[in-house]
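*Asks:* Please read through the structure below; I'll follow up with questions.
The values are calculated or read from the model by the stated rules, or taken from the named source; none is laboratory data. Predicted model only: the values in this text are computed from it and were never measured. Cβ coordinates were reconstructed from backbone atoms using ideal geometry, including for glycine residues, and neighbour counts include every protein chain displayed.
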Amino acid sequence: MTLVNAVLGGLVTGLLYPFRTLPPIVGLLVVSFITAIAMLVVFRATSNQERIAAVKRSIHAGLFEIRLFNDDLRQILRSQIDILRHNLTYLRLSLVPMVWMIVPLLLVVAQLQFHYGYRGLEPGRTVLVKVRLDADAAAPRDITLEAPVGMRVETPAVWIPTLREAAWRVVAEAPGDYDLSVHVDGRTFTKAVRTSDAVIPRSPVKLAPGFVNQLLYPAEAPLPADSGLASIELTYPEREISLLGWETHWLVAFFILSIVIAFALRNRFSVVL
Amino acid sequence: MTTPKGTTFASAALRILVMVMAMIMGLVAAGCGAGDPSGTRVIVLGFDGMDYEFTRQMIERGRMPAFARLAANGGFDPLETTVPPQSPVAWSTFMTGLDPGGHGIFDFIHRDPETMLPYLSTTETAEGGTSLTVGNYQFPLLGGSVDLLRGGEPFWNVLADRGIESTIIRMPANYPPSGSATRELSGMGTPDLVGTYGTFSFYTSDVLIASKDIPSAEVHFVEPEDGAVQVRILGPDNPFLVEPEKVTSEFTLYLDPEREVAKLVAGDEERVLEVGEWTDWVAVDFELLPLQSLRGMVRFYLRQIEPDLQLYVTPTNVDPIDPALPISTPDSYAAELAKATGRFYTQGMPEETRGLQEEIFTRAEFMEQSRLAGGDVRGQYQLVLGRFDAGLLFYYFGNLDQTSHMLFRTTDPEHPEYDPETDPEYLEAVEGLYLTMDEIVAETLDAIDASGQETTLIVMSDHGFTSWRRAFHLNGWLRDNGYLRPRNAQMANDPGFLTNIDWAQTRAYGLGLNGLYLNLRGRERQGIVAPEARDALMTEIADKLLAVVDPVSGQPAITKVYRREEVYAPGEYDHLAPDLVVGYAKGTRCSSESSTGAVPRGDVIIDNLDPWSGDHCMDHEAVPGILLTNKPLQRAAPSLEDLAGAILAEFGVDEFPRPSEED
């Protein structure tokens with residue numbers, strides 16, 4: 001999983017590199033465009049295009065029937081039932097390409113989340129750093145957070161025994177890429193922090209190793225297996241994307257753009273959707 | 001060579017390009033059309049409570065160079081304030097050009113003569129009408145409303161009619177906003193989410209503090225368990241429940257007493273704060289129904305963890321990013337400001353004066369909170385000023401007034417509570433506030449210079465300020481002179497609100513900071529004074545009040561008593577106006593008890609020992625405001641009532657207030 005994340009992360013970061021300093025919507029538009037084309041290709045290759053075309057024709061026929069026989073209630077009901085039945089068939093036929101697409105799409109979305117889901121820390125803005133211990137790890141005798149030049153730890157640790165958590169407030173003093181160091185009973189673990197607002201991957205949490213953790217949080221290498229820590233978390237502020245003046249979550253913008261582009265290009269790719 | 005398809009694509013692209021360019025040009029044209037077609041620019045800075053005499057002395061000492069520059073170029077004069085000199089009254093007069101008889105705001109508090117219940121004078125919240133009831137729930141079929149009770153026409157209406165832009169920020173007595181300015185943010189009079197002018201919460205494990213009954217506060221006893229406290233902030237009544245029940249928002253505070261630090265978790269928001277620190281604004285949600293909640297925001301101040309927990313929470317302010325109440329014009333303007341400068345206090349009077357009065361805050365803590373509130377306003381001014389292009393910009397600063405109320409005794413060694421050990425330090429703080437106002441004027445002058453555009457700058461205040469040494473129990477005086485009979489003369493803690501008055505034997509009563517009403521038959525619900533006896537009774541009471549001498553100073557306690565007819569134009573608000581307006585001598589003010597309709601026992605004139613040590617609700621001639629301009633105005637404005645007309649004259653408007661249809 002680490003290898004998959006590294007390859008995919010490298011690809012997405014490389015693809016977005018030229019757009020990193022432009023408004024986020026620009027890069028997202030490019031990604032949506034590529035995704036739409038990929039979806040069309042997969043859809044064409046994995047779906048039964050003839051059956052889909054036939055089912056769509058049947059749905060249209062049903063709609064025509066309703067219009068033609070609008071004074072015949074029985075016929076209208078029969079046509080509506082037919083339309084419903086054909087719709088279910090259409091959904092079943094679409095399911096196959098969806099199954100093909102869902103895994104790669106999930107991997108891509110996970111990567112994009114770390115590019116578009118969070119804003120970088122602005123200098124002067126405070127943020128929390130939380131270190132959570134494994135459920136079976138002993139309470140630490142000594143736990144401290146060390147910030148590099150350009151960042152500052154503003155408070156002592158709050159140690160919360162019931163949560164097995166230590167929390168600090170930190171502030172970025174200058175833009176840059178930093179590593180915070182967490183010292184736990186003589187061992188040191190790091191957590192990456194990025195304070196520029198460019199479109200670059202940001203990892204809000206560094207987790208213990210595990211397939212699901214790696215699948216959902218691919219932007220940063222996991223903690224060592226014997227660390228005794230469950231996570232090191234840094235609460236980046238969430239980013240919203242402006243889509244024609246409408247501020248929305250990037251995922252909403254991504255899906256709207258991908259679907260609109262896919263529909264616009266379906267004839268060029270000779271795909272029946 | 002292009003294929004037919006390519007040609008179609010190219011022509012379509014061209015069409016889209018032309019459309020986009022047309023839209024851009026349209027937007028640019030709209031932008032150019034903003035402001036005044038003649039290019040006139042007027043900036044009005046409203047400094048609530050800035051005192052003429054104090055300002056003059058500061059200028060003479062060379063401490064306010066920007067003000068001195070204005071005084072040299074345009075003039076510096078006292079500005080006659082209203083009768084009475086109270087902020088809601090004065091600002092209503094400023095914006096309408098009418099005396100209180102014309103706009104209907106006579107005091108902070110009015111009473112309904114039909115019910116004899118006091119109410120806040122500027123705003124009325126009406127609940128929804130008919131509702132559909134299902135079990136314990138009700139669903140209003142008609143929405144409630146928040147109505148501005150101020151009458152008259154704000155002067156920026158005239159500008160709107162002429163297509164001139166106006167930006168009106170935090171104008172008092174303008175909640176909900178008038179809707180006629182291009183951009184508005186409401187100010188003094190804007191309630192918190194509970195519907196009050198500011199109800200803070202205090203959580204403590206100190207039994208003594210928790211047992212205190214503090215007005216305008218919710219004090220809760222809490223006991224940490226496993227190093228954490230789980231508590232609730234009280235919101236307003238849930239409008240969807242048949243039986244009134246307050247909605248709540250929960251938060252958890254994890255305590256680390258060893259390091260004197262805590263972590264706060266409220267919904268999705270988390271903060272770490274040390275003892276003595278404030279959080280930034282934290283959004284809080286109050287669930288009304290599943291999937292339906294009310295959004296507000298608060299700031300937390302961790303006062304101490306050991307030996308007892310003390311946590312202060314601000315009143316729940318309307319969140320400007322998602323406002324639950326109408327606080328701006330257009331509705332999105334509050335969010336636009338918040339996104340640019342961060343969330344900010346939206347309650348009308350954000351300085352926590354009650355916290356200092358009730359010893360929840362020390363003076364240093366109050367000053368810190370006041371600095372936070374003032375910082376919000378000042379930071380936003382820089383943004384608004386930077387965006388100001390043409391037309392009118394009015395911007396209000398209330399920090400000086402509210403802070404002066406709490407610190408003005410430091411200017412007066414003869415104040416009964418003056419402390420020669422600590423007060424000189426806070427005198428510097430008062431002067432510091434004046435210096436801040438000077439910095440704001442300097443920034444404005446720099447911005448005007450940088451713009452290279454002819455701009456009129458007007459700096460004004462609604463009234464002045466002075467030390468409040470002596471408190472006058474007006475209702476006590478009326479009782480002692482046989483005009484008022486309490487129901488229970490021995491009541492130790494009269495709750496006020498006119499509840500301890502025997503109306504059958506009362507001829508006159510006091511309510512508000514300067515108001516004195518006759519219990520008039522045909523107007524008051526249980527009136528006993530015949531209308532034909534009104535004149536004689538008013539003369540009798542006024543003469544006696546003017547003869548009252550303060551036994552400590554040997555000076556008159558009251559220097560003016562105005563009849564309503566002398567100072568207010570007659571009109572539709574006559575029934576709300578006090579019959580007599582009492583102008584207390586400089587340094588004397590109506591007691592807090594009397595102003596809320598209580599009948600205090602004991603001496604009539606007492607020392608003011610309240611931390612609220614400065615005031616202005618006295619003889620209006622004793623507390624004039626200020627008027628400075630960067631150039632002579634086209635029309636003189638010796639009083640607040642004249643100023644709106646003078647501002648409009650800069651735009652070439654000859655007549656204001658405009659005659660009504662009836663006129």
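*Asks:* Which of the strands (runs of 3 or more DSSP E) contained wholly in the stretch A:102-163 include at least 3 residues that are within 14 Å of chain B (Cβ to nearest Cβ) and at pLDDT 90 or above? Even if it seems obvious, please write down each step before you answer.
*Replies:* Values: elements: A:126-133, A:143-146, A:151-153, A:158-160.
Those strands (runs of 3 or more DSSP E) span A:126-133, A:143-146, A:158-160.
*Asks:* Now for a separate question. Spot the failing condition for A:S181; the list is (1) surrounded by 15 or more Cβ atoms within 10 Å (Cβ to Cβ); (2) touching a residue at least 12 places away in the same chain (Cβ under 8 Å); (3) among the polar types (S, T, N, Q); (4) away from every other protein chain (no Cβ under 14 Å), and only one is missed.
*Replies:* Tallying (1) surrounded by 15 or more Cβ atoms within 10 Å (Cβ to Cβ); (2) touching a residue at least 12 places away in the same chain (Cβ under 8 Å); (3) among the polar types (S, T, N, Q); (4) away from every other protein chain (no Cβ under 14 Å), A:S181 fails exactly one: (1).
*Asks:* Oh, and also: Filter the stretch A:189-200 down to the residues that are in contact (Cβ under 8 Å) with a residue 24 or more places away in the chain and not in a loop (DSSP other than H, G, I, E, B) and list them by number.
*Replies:* Once the filter is applied, which keeps residues that are in contact (Cβ under 8 Å) with a residue 24 or more places away in the chain and not in a loop (DSSP other than H, G, I, E, B), the stretch A:189-200 yields A:F189, A:K191, A:A192, A:V193, A:R194.
So that you can scan it fast, the table gives a plain yes or no per residue for (1) of a type in the set (A, V, I, L, M); (2) part of a helix (DSSP H, G or I):
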| position | (1), (2) |
| --- | --- |
| B:G46 | no, no |
| B:I59 | yes, yes |
| B:T82 | no, no |
| B:S92 | no, yes |
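*Asks:* Identify, please: which residue in the stretch B:269-280 is modelled with pLDDT of 95 or more and not in a loop (DSSP other than H, G, I, E, B) and is, among those, farthest from the other protein chains (Cβ to nearest Cβ)?
*Replies:* Only one residue fits best here, namely B:W278.
*Asks:* If you don't mind, another one. Going through B:A266, B:A324, B:A262, B:A283 one at a time, which residue ends up being under 27 Å from B:S370 (Cβ atoms), of a type in the set (G, A, S) and within 11 Å of chain A (Cβ to nearest Cβ)?
*Replies:* B:A262
*Asks:* To continue, here is another question. Out of all the residues in the stretch A:199-223, which are crowded, with 17+ Cβ neighbours inside 10 Å and either of a type in the set (S, T, N, Q) or farther than 16 Å from A:R132 by Cβ (or both)?
*Replies:* A:V199, A:I200, A:P201, A:R202, A:S203, A:N213, A:Q214, A:P218, A:A219
*Asks:* Here is a list: B:A334, B:A390, B:A324. Which entry is touching a Gly at 6+ places or on another chain (Cβ under 6 Å), touching a residue at least 60 places away in the same chain (Cβ under 8 Å) and aliphatic (A, V, I, L, M)?
*Replies:* On the way: B:A334 fails: touching a Gly at 6+ places or on another chain (Cβ under 6 Å); B:A324 fails: touching a Gly at 6+ places or on another chain (Cβ under 6 Å).
Result: B:A390 is the single residue among B:A334, B:A390, B:A324 that is touching a Gly at 6+ places or on another chain (Cβ under 6 Å), touching a residue at least 60 places away in the same chain (Cβ under 8 Å) and aliphatic (A, V, I, L, M).
*Asks:* I'd like the full set of residues that are more than 14 Å from chain B (Cβ to nearest Cβ) and modelled with pLDDT under 85, limited to the stretch A:222-252.
*Replies:* Across the stretch A:222-252, the qualifying residue is only A:L243.
*Asks:* Among the numbered criteria (1) more than 14 Å from every other protein chain (Cβ to nearest Cβ); (2) crowded, with 22+ Cβ neighbours inside 10 Å, which one does B:Q304 miss?
*Replies:* Failed condition: (2).
*Asks:* I'd like the full set of residues that are crowded, with 19+ Cβ neighbours inside 10 Å, within 22 Å of B:R563 (Cα to Cα) and either among the small types (G, A, S) or in the same structural domain as B:V83 (by TED's automatic domain parsing) (or both), limited to the stretch B:495-526.
*Replies:* Across the stretch B:495-526, the qualifying residues are B:A508, B:G510, B:G512, B:G515.
*Asks:* Would you confirm, using the coordinates I've provided, whether B:V582 is over 16 Å from B:L474 (Cα atoms), in contact with a strand residue (DSSP E or B) (Cβ under 9 Å, 6 or more places away or on another chain), among the β-branched types (V, I, T) and in contact (Cβ under 8 Å) with a residue 60 or more places away in the chain?
*Replies:* Values: over 16 Å from B:L474 (Cα atoms): no; in contact with a strand residue (DSSP E or B) (Cβ under 9 Å, 6 or more places away or on another chain): yes; among the β-branched types (V, I, T): yes; in contact (Cβ under 8 Å) with a residue 60 or more places away in the chain: yes.
Here the answer is no, as B:V582 does not meet what is asked.
*Asks:* Go through (1) surrounded by fewer than 16 Cβ atoms within 10 Å (Cβ to Cβ); (2) more than 27 Å from the chain's Cα centre (by Cα) for B:T248 and report which single condition fails.
*Replies:* The number of the failed condition is (2).
*Asks:* Looking at the stretch B:162-183, which of its residues are in contact with a Gly (Cβ under 8 Å, 6 or more places away or on another chain) and part of a loop (DSSP other than H, G, I, E, B)? I'd like the intermediate steps shown before the answer.
*Replies:* Of the stretch B:162-183, the ones in contact with a Gly (Cβ under 8 Å, 6 or more places away or on another chain) are B:163-167, B:169-175, B:182.
If the condition is that a residue be in contact with a Gly (Cβ under 8 Å, 6 or more places away or on another chain) and part of a loop (DSSP other than H, G, I, E, B), then B:G163, B:I164, B:E165, B:P172, B:A173, B:N174, B:Y175, B:T182 are the ones that fit.
*Asks:* To continue, here is another question. Taking the stated definitions as given, is B:N493 closer than 18 Å to B:E593 by Cα, part of a loop (DSSP other than H, G, I, E, B) and without any contact (Cβ under 8 Å) to a residue 12 or more places away in the chain?
*Replies:* So B:N493 fits the description; yes.
*Asks:* Could you tell me which of the residues B:A324, B:A335 is at pLDDT below 95, touching a strand residue (DSSP E or B) at 6+ places or on another chain (Cβ under 9 Å) and closer than 24 Å to B:D268 by Cβ? Step through it out loud before you land on a result.
*Replies:* Values: B:A335 fails: at pLDDT below 95.
Sole residue among the options that is at pLDDT below 95, touching a strand residue (DSSP E or B) at 6+ places or on another chain (Cβ under 9 Å) and closer than 24 Å to B:D268 by Cβ: B:A324.
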